[in-house]
Amino acid sequence: MNSRIILGSLELSSDYDGRFSVEGLKVGMHTIEVIKEGYLTRLDRFMVRSQETTEVEIILEKGADFLSWLILLSTLVTRAVLYN
C-alpha cells in the first residue's frame, strides 16, 4: 500500500517502494507529513535550497492498530484486577 504524503497544500501518494518526487517547491523550509496504514504518522521539516536537488529520508515506525490497543488495555486491566 502506498503512503499518503502531505506537503503544504499538496497531497501526493508514494509508489510501492515509498518513493515520490515533487518539482517546483519554493526555496526555504517545508513541512512534510507521511501517513501509512499500520504505521505511526510522521511529521518532518526539510530545507529546499536554490539550484539543488533535495532528498529527504523519512523512516516510519510500525504502529499498533486500535484493536491491538484494546486487547492490550483489556489484558492490563484484567491483570490489575487479578493481582489485587
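Observations on the structure shown:
- Asp15 over 15 Å from Lys62 (Cα atoms) and assigned to a strand (DSSP E or B): no
- For Leu43, the conditions (1) closer than 20 Å to Asn2 by Cβ; (2) at pLDDT below 90; (3) surrounded by 10 or more Cβ atoms within 10 Å (Cβ to Cβ); (4) not β-branched (Val, Ile, Thr) are fulfilled apart from (2).
- Counted residues, segment 29-45 - those being over 14 Å from Val56 (Cα atoms) and outside any loop (DSSP other than H, G, I, E, B): 2
The values are calculated or read from the model by the stated rules, or taken from the named source; none is laboratory data. None of the values given here were measured: they were computed from a predicted structure. Here Cβ is always computed from backbone atoms with ideal geometry, including for glycine, and neighbour counts include all displayed protein chains.
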